[in-house]
Amino acid sequence: MASILVIEDVPAVLLSIKIVLEGHGHKVTSAQTGEQGLTLLRATPFDLVITDIWMPGSNGVDVIREGRARSPRTRFMAITGGDPNSRGSRDGLHQQDFGADHILLKPFEKDELLKTVSRVLERVASI
Amino acid sequence: MTVSQEFHTQGIAHDVDPHELIQVSGAIQPHGALLAVLVDSGLVTHASANLFAILGRRAEAVLGKPLESAIGEVASRALQDAESSNGFELYRLHALPGPGGDALHLRSFRSDRHLCIDIEPVDAKFTQGQHASVRQSIMETFEHAADSIKLCEIAVRGLKTIAGYDRVMAYRFGEDGHGKVIAEAREPHLDSVMGLRYPAADISPQARQQYLRQRVTGIADSSHWPVLLLEASDDHTLLDLTDSSLRSVSPVDLECMHNMHIAASLTIGLTHRQNLWGMLICHHESPRVAGPELRAVAGTIGQVVSLLLGSLEEAELLAARIERMTILRALTERLAADGSLMDAFAAAEPELLGLVGATGAVLRLSGKVLRFGRAPSPSEAERALAVLHSEAGGDLLAVDDLSLRYPDLASCAGEASGALLLPFVGGADDAILWFRPELAQTIAWIGNTPEHAISDSVVATESISPRSSFGTCKEIVTGHSAPWVEADLALARDLWSAIKAEVAKRAKAELLELRRYDPLTRLPNRALLQERLAEARKEAGTALTLLFLSLDETKKINETMGYAAGDELLIEVARRLVATAGPGNLAARLGGAEFVVLCRGLQLGEAAELGEDIRRAVAAPFEIGGRLFHVASGVGIAAVDQSDMLDPEGAADFAMHEAITMVGAKHRAESQRQKMETLGRTMGGVAHEINNMLQPIALLAQDVIDKELVVGEGRQHLDVVLDCSKKARQIIGDMLAFSRPPVSTMETHDPVALLHDSLPIVRQAVPPSLVLSIQTEGHLPPVKMNRTAFVQILLNLAINAAAATGGQGELTITLEEDVRGFADAEMRQQTSFVRLRVADNGCGMDKATLDRAFEPFFTTKPVGQGTGLGLPVVYGLVREMGATIVLASEPDHGTTVTILIPANSGEAQNGVDTGH
């Protein structure tokens, strides 16, 4: 129903998210790096971008920032498995939104993913 | 046969063998006569040559005849009666008319198988009756004699009056055998011999023995020719004339007397306890007979004087002893007083010296030396102690010629000629050494000094020569002190007994005292601490705080370095604790590796500062066995107050618990944290990776299930897969939670609101069958904390409770206000708290489990059921909010977790308060 760009550097994760979203009827485009994602984003407007935060190369924060600038109507969701350089819990992550509309902490469940996506997309619709 | 040929005589040599048996002289003095009868036959066997002059019968006429022929029937029968009844009896009077009509006195005595008879004329002028009254008054006067010298003075005067001799002397034998004139009554024209000494050899040992047997002896005329005894032809027995009053003395003695212008003498032996104490000696310039009556009176006087001497001496000794005992008692009392023995002695100089009549002393006790009075210099005293110690061999030793025995001590002869050593048995070189000063004496000897006389050892080879010159000779004696007597030694021994008793008493008191002290560290033990605490609490108005110190890892030190090292560590900790706590505060050892300091007059804040100081002191490295290492420690403080508001027992318990659990948990958490930290760099990375790996599993397994791509058994497999992935997620989450850095934001909350907000999450996490009950007090002060942390704490505790109760049981959560004086391990002081209590009635924990409850990854749950991180996480969160946590649990009786959260004075808000 919506066009979603998923940016994630771990192939299995990328694939599993794509399968779930497509199973729900969304159109999913995937990218494995931040640069790839940005390139795609410049070319095409998406309804939603789901991006991993900590990736080698440019990270998700830059993607979100630049993405918003280019495409104000696009929603952004951050997903993350935690700061690989951190020592501890991910409490702080709640506080940081990375500039995204929502954050999901990996590993999230299928339901959680679909519900969050729906909610975020509703906002789009209402604007 | 001529008369001279028939009679055998015994010759007398002029130079006699010193061992001559002078009693068997075969000769008597001429003023009396002697007969001897063989008892068995009754025939006369010996008769003195002068028998006719005395008895009126010729010796030749009676020899070989029955006794009656000599002395008549009556007399002989009387004598035989006496003989049969009593062996021989001295002083038996029997009168027999003599040729001149004088009465004769007969006296019998035995000589082996012979009965001998002394025959003497009675002196009509001298009867017992005449002098009875004189004797009586003398006896009465004796009673007034205060001492032995006075007694002898009375005796010699009385005896002179009665006996009429020119000079009567009382003569006393000294311990060296020499005699000294101690009393004298003389005719005016004679020179005095008072104080003069006679060498011992003047009166030979044989003579002394004589005097013990025959107390009274008289020589009537020193110029007399001894009268020989004639013997019957068939009996040549040498008679033993010891008991004869007519016995003649050796020619040596006679010549002595002659040379000294003494014509007659009467000598009475004075005995005391079977020893010859001295003599009463009467001398006369012209011949004088001492008849039997006079001898009897003199003998009586001698006996009385002997008896009185004995009792006088004893009385003198007793008086001296009583005086000394009083001194001894005074000295003993001083020793028993408080203070060291050395101090007691130092204060008791007069008693110490007076006890044994010394003028100086040194005391050596435990290596220290004290000097009293006039004592030699320290080096001389040391030397004296050393030589006398070795000579004494552990017993008392008294010498009165120290400088003569040990010439190197001659320099101190002035004050130390006499020395009395009392060694302290069992006390190494400890001893008391008393000194007496030199008593220079000038002794006037009759004739030559004893060096010129012959000593006993020489007697065997040389002959006794009669004294030739009787001038006096002066001898100056140096190097001697007044001699020590038995009384002195007895008192020294009594003093030793008193000292021993005192030492024993002190040792016992010390032992009792020691029971209040820990033997290893010498600190007061728990018993003494409790005593002091109880005492201190009675003092109103004094602030009291208890400071607990708990050490960790001592077991490890014992195991790796040995128990001696562990002991050393504890001793050093104790030392540092005492040094830091200061004199006003009592440091005690409770046991194991736990210590307590009772602080008086310190407010909580000051106590907290002290606690900090102590912690720093104990944190400094320890050097043991050449290695340096650190020991972790925990300190907890509780205020002990008399008011009801603060519960001292509870506060103390809490403080101690705080110290102990904090140490263990903190240490373990620290090490885990450090491990995690080294791991930590990658912790996030690992988590990140694993989370990524879990993501596809979570999504795709669910997807397969949802799309029903697999059914039946395959579907069940997938359920398991999903379940495991969820658990894996939880584990990663727990690990991250545990190793996380402290939370940075704290907010002020109303604790009741917080609790109610958290309840749904908690309810959902535990089985429905677990009964949850909540109790809260009406109005509680706000607290500062992180909301999420609070939820996490409750959640973990609830999950533990659920496991402990097996899902069936009760979980009670209470929130109350708590007021107590308390400073935690970080020295944060607080008196107002909110107490959160989570209690279950589950299986509880035993002590071993309880000890490890906060240990990361320690769990009693079966594998796969728990991560063992629940409580450690709670612990970390609790500490971050400045709270304290205590676990109480008993197997089968459930577990109660109490968390004291410091109350915040501000109003409750939900705004963000960036604290910490």
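The values are calculated or read from the model by the stated rules, or taken from the named source; none is laboratory data. In this text, all values refer to a predicted model and were calculated from it rather than measured experimentally. Note: ideal-geometry Cβ built from the backbone for every residue, glycine included; neighbour counts use all protein chains shown.
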- request: Identify the residue in the stretch B:683-706 that is crowded, with 24+ Cβ neighbours inside 10 Å and hydrophobic (A, V, I, L, M, F, W, C) and, among all such residues, is nearest to A:Val20 (Cα to Cα).
  value: B:Leu699
- prompt: Can you name every residue in the stretch B:761-810 that is part of a helix (DSSP H, G or I) and surrounded by fewer than 15 Cβ atoms within 10 Å (Cβ to Cβ)?
  reply: B:Ile761, B:Arg763, B:Gln764, B:Ala765
field: Hits in the stretch B:320-357 - residues which are in contact with a strand residue (DSSP E or B) (Cβ under 8 Å, 6 or more places away or on another chain) and farther than 24 Å from B:Gly426 by Cβ
entry: B:Glu349, B:Leu353, B:Gly357
task: Take B:Leu335 and decide whether it is within 21 Å of the chain's Cα centre (by Cα) and farther than 21 Å from B:Glu382 by Cα.
output: yes
- line: Result of the Cβ filter at 7 Å on the stretch B:155-176, keeping first residues that are more than 24 Å from B:Gln209 (Cβ to Cβ) and touching a residue at least 12 places away in the same chain (Cβ under 8 Å) and partners that are surrounded by fewer than 20 Cβ atoms within 10 Å (Cβ to Cβ) and of a type in the set (S, T, N, Q), at least 6 apart or interchain, is none
- prompt: If you go through the stretch B:116-127 one residue at a time, do you hit one that is modelled with pLDDT of 65 or more and part of a helix (DSSP H, G or I)?
  reply: no
message: Would you confirm whether or not the stretch B:360-370 contains a residue that is buried (at least 19 other Cβ atoms within 10 Å of the Cβ), at pLDDT 85 or above and more than 23 Å from the chain's Cα centre (by Cα)?
response: yes
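Quick grid of which residues meet (1) within 14 Å of chain A (Cβ to nearest Cβ); (2) at pLDDT below 90:
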position: B:Glu658; (1), (2): no, yes
position: B:Val663; (1), (2): no, yes
position: B:Gly684; (1), (2): yes, yes
position: B:Arg715; (1), (2): no, no
field: Sole residue being at the interface with another protein chain (Cβ under 7 Å from one of its Cβ atoms), touching a Ser or Thr at 6+ places or on another chain (Cβ under 9 Å), within 25 Å of B:Thr859 (Cβ to Cβ) and part of a helix (DSSP H, G or I), chosen from B:Leu694, B:Leu700
entry: B:Leu694
- prompt: Do any residues in the stretch B:344-357 that are of a type in the set (Asp, Glu) have Cβ atoms under 7 Å from those of residues that are assigned to a helix (DSSP H, G or I), where the two are at least six apart or on different chains, and which pairs are they?
  reply: B:Glu351/B:Ile327; B:Glu351/B:Ala330; B:Glu351/B:Leu331
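A:Asp47 - would you say it is at negative phi, among the acidic types (Asp, Glu), away from chain B (no Cβ under 14 Å) and crowded, with 16+ Cβ neighbours inside 10 Å? Full working, then the answer.
Values: at negative phi: yes; among the acidic types (Asp, Glu): yes; away from chain B (no Cβ under 14 Å): yes; crowded, with 16+ Cβ neighbours inside 10 Å: yes.
Yes, satisfied.
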message: I'd like the residue in the stretch A:52-76 that is touching a strand residue (DSSP E or B) at 6+ places or on another chain (Cβ under 7 Å) and away from chain B (no Cβ under 14 Å) and, out of all such residues, is surrounded by the most Cβ atoms within 10 Å (Cβ to Cβ).
response: A:Val63
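So that you can scan it fast, the table gives a plain yes or no per residue for (1) closer than 14 Å to A:Thr80 by Cα; (2) small (Gly, Ala, Ser); (3) more than 11 Å from the chain's Cα centre (by Cα):
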residue	(1), (2), (3)
A:Val20	no, no, yes
A:Gly25	no, yes, yes
A:Arg42	no, no, yes
A:Ile50	yes, no, no
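Here's the yes/no breakdown for (1) within 30 Å of B:Phe142 (Cα to Cα); (2) touching a residue at least 60 places away in the same chain (Cβ under 8 Å); (3) part of a helix (DSSP H, G or I):
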{"residue": "B:Asp240", "(1), (2), (3)": "no, yes, no"}
{"residue": "B:Thr267", "(1), (2), (3)": "yes, no, no"}
{"residue": "B:Arg288", "(1), (2), (3)": "yes, yes, no"}
{"residue": "B:Val304", "(1), (2), (3)": "yes, yes, yes"}
{"residue": "B:Leu312", "(1), (2), (3)": "yes, yes, yes"}
{"residue": "B:Glu333", "(1), (2), (3)": "no, no, yes"}
message: Just to be sure before I move on: is A:Ser16 part of a helix (DSSP H, G or I), of a type in the set (Gly, Ala, Ser), touching a Leu at 6+ places or on another chain (Cβ under 9 Å) and within 14 Å of another protein chain (Cβ to nearest Cβ) in the structure I sent?
response: yes
query: Is it the case that B:Ser148 is in contact with a Leu (Cβ under 8 Å, 6 or more places away or on another chain), at pLDDT 75 or above, buried (at least 18 other Cβ atoms within 10 Å of the Cβ) and hydroxyl-bearing (Ser, Thr, Tyr)?
result: yes
- request: Spot the failing condition for B:Thr217; the list is (1) under 60 Å from the mean Cα position of the chain (by Cα); (2) outside any strand (DSSP E or B), and only one is missed.
  value: (2)
task: Considering each residue of the stretch B:56-78, count those that are at pLDDT below 85, touching a Leu at 6+ places or on another chain (Cβ under 7 Å) and either polar (S, T, N, Q) or surrounded by 21 or more Cβ atoms within 10 Å (Cβ to Cβ) (or both), and give that number.
output: 4
- request: Looking only at the stretch A:88-127, count how many residues are surrounded by fewer than 19 Cβ atoms within 10 Å (Cβ to Cβ), modelled with pLDDT under 85 and facing another protein chain (nearest Cβ under 9 Å).
  value: 4
field: Conditions (1) in contact (Cβ under 8 Å) with a residue 12 or more places away in the chain; (2) outside any loop (DSSP other than H, G, I, E, B); number of the one not met by B:Leu318
entry: (1)
Condition met for B:Gly584 (surrounded by fewer than 13 Cβ atoms within 10 Å (Cβ to Cβ) and not in a helix (DSSP H, G or I)): yes
